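Take a look at the structure below.
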Amino acid sequence: MSELIYPQPVKAKFFTPGMIIVSLIALNGIVFLAIRFLFGIGAVTNLNNQYPWGIWIGVDVAAGVVLAAGGFVSAAMGHIFHLPYMKLVVRPALLTAMLGYTFVAFAVFVDIGRWYYIWHPLVMWNGTSPLFEVGICVMIYLTVLYIEFTPILTERFRGKVNLPSILRVFNGLVEWILKLLDNTLGKVMFLFLIAGVVLSTLHQSSLGTLMVIAGYKMHPLWQTPILPLLFFISAVCVGIPMIIFESLIASRSFKIEPEMHVLSKIAGYVPLLLGIYLAFKLGDMFIRQSFVYMTEINKFSIAFIIEIVFGVILPMIMLMSRRVLNSPFWLFIASALVVLGVGINRINNFIIAYRPFYAKSAYIPSFGEISVTLGCIALTVILYRAIVMIFPVISLPKQDDLKELKHNRG
């Protein structure tokens with residue numbers, strides 16, 4: 001039936017009970033966003049001079065960037081390494097990455113105290129700053145993601161432009177623009193695909209560089225000169241699990257058959273990638289002898305054990321099992337553990353391990369910070385559902401072909 005499957009808009013009810021709950025969470029986040037912009041960042045957050053960043057950076061930015069890694073991983077596997085079975089999951093992964101990076105950029109905008117100066121890096125360059133490199137790469141890569149999504153837009157509307165009322169006079173112009181975009185991008189898209197992979201490599205690793213320069217402010221369990229390498233490898237590790245995680249949730253939400261023949265195949269690469277990450281992680285610990293800190297029972301050692309055991313070792317063992325690979329439920333659990341583990345790793349690096357000098361109290365995120373973070377996640381879910389119902393993103397069998405196939409089998 002694979003010959004009958006191709007990307008098309010999903011026909012489903014938009015406001016389900018689950019989506020109503022998600023919409024309420026988004027609305028709550030928007031309320032606190034309004035308070036933040038009207039009364040300042042101090043009115044919503046628990047940030048201070050000792051803790052200049054919190055979950056808006058640790059979760060919304062650092063974790064958000066790495067969890068959007070499915071975009072560059074799927075692009076590399078599908079378009080650079082030419083794995084044919086990746087075609088069914090490239091578009092959903094691209095959409096997830098595009099939305100993820102959009103909200104990462106928005107989170108930076110929200111987190112900056114003087115948010116109206118966010119344009120400064122564009123004209124005030126600091127080539128020695130890893131944060132500058134991250135910011136520029138993210139902006140360029142976000143542009144690349146929107147360019148990569150453009151063919152999906154042209155596919156949806158080309159030949160179907162029918163503007164209402166007086167705007168009809170622009171039908172021909174819009175059709176010409178769509179045709180020009182379609183024909184032009186088809187010839188140069190490979191350049192943007194390569195650029196996307198390269199840019200992702202740069203800023204995924206540079207987020208680790210950002211924490212290297214924190215020096216002794218970071219706990220030794222995480223502070224290491226190879227942190228940029230670990231950040232990049234972990235981004236590669238989570239790319240495939242994030243694709244599987246998103247695909248299985250979408251299949252369940254829209255009541256469509258999951259593409260297990262593809263998901264099981266790509267999941268087979270994950271144990272090897274996790275093994276490489278674990279080898280570098282443990283090898284670094286023994287070289288630096290930071291394992292001595294594991295003998296102490298405190299929040300740092302407990303957070304480290306949770307990250308490694310539940311985020312790396314357990315899913316690596318699970319994904320070596322054929323039973324897990326062939327089961328949508330267990331494949332989802334294993335992928336969710338990797339996603340959760342990498343998210344915990346970023347939280348550990350940016351929040352738990354970060355210990356500012358002379359801090360009088362620990363940082364605990366406020367209800368407003370949590371609300372904005374959950375609101376951004378909820379808005380991402382809402383936009384994802386809306387886009388896949390409008391644009392040809394998810395691959396489905398055409399109804400007429402499916403009926404014919406069932407009739408022939410009957």
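For ILE5, work out the one condition from (1) under 28 Å from LEU340 (Cα atoms); (2) touching a strand residue (DSSP E or B) at 6+ places or on another chain (Cβ under 9 Å) it doesn't fulfil. Status for ILE5: all satisfied but (1).
The set of residues from segment 339-372 being β-branched (Val, Ile, Thr) and within 20 Å of ALA235 (Cβ to Cβ) comprises VAL339, VAL342, ILE344, ILE347, ILE351, ILE352.
Quick one: how many residues across segment 90-116 are closer than 10 Å to GLY71 by Cα and of a type in the set (Val, Ile, Thr)? Number satisfying all stated conditions: 2.
Filter segment 1-46 down to residues that are part of a helix (DSSP H, G or I) and not acidic (Asp, Glu), then give me how many there are.
28
All of (1) touching a residue at least 60 places away in the same chain (Cβ under 8 Å); (2) under 21 Å from GLY100 (Cα atoms) hold for GLY135 with one exception: (1). Might you let me know whether segment 335-343 holds any residue that is touching a Lys or Arg at 6+ places or on another chain (Cβ under 9 Å), modelled with pLDDT of 95 or more and closer than 23 Å to ARG91 by Cα? Looking for residues that are touching a Lys or Arg at 6+ places or on another chain (Cβ under 9 Å), modelled with pLDDT of 95 or more and closer than 23 Å to ARG91 by Cα, one finds none in segment 335-343, hence no.
The residues of segment 186-227 that are in contact (Cβ under 8 Å) with a residue 12 or more places away in the chain, within 13 Å of HIS79 (Cβ to Cβ) and not small (Gly, Ala, Ser), listed by number, are MET189, PHE190, PHE192, LEU193, ILE194, VAL197. If you check PHE300 against the conditions, is it touching a His at 6+ places or on another chain (Cβ under 6 Å), in a helix (DSSP H, G or I) and either buried (at least 17 other Cβ atoms within 10 Å of the Cβ) or touching a residue at least 60 places away in the same chain (Cβ under 8 Å) (or both)? Taking the combined requirement at face value, the residue satisfies it. For segment 69-135, the helices (runs of 4 or more DSSP H) that sit wholly inside it and include 3 or more residues that are of a type outside the set (Gly, Ala, Ser) and modelled with pLDDT of 80 or more are 87-111, 120-123.
Per-residue answers, yes or no, for (1) of a type outside the set (Val, Ile, Thr); (2) in contact with a Cys (Cβ under 7 Å, 6 or more places away or on another chain); (3) over 16 Å from LYS265 (Cβ atoms):
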| residue | (1), (2), (3) |
| --- | --- |
| ILE317 | no, no, yes |
| SER327 | yes, no, no |
| ILE333 | no, no, yes |
| VAL338 | no, yes, yes |
| ASN348 | yes, no, yes |
| TYR358 | yes, no, yes |
| PHE367 | yes, no, yes |
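The values are calculated or read from the model by the stated rules, or taken from the named source; none is laboratory data. The structure displayed is predicted, hence computed values, not measured ones. Cβ sites come from the backbone with ideal geometry, for glycine too, and all protein chains shown count toward neighbours.
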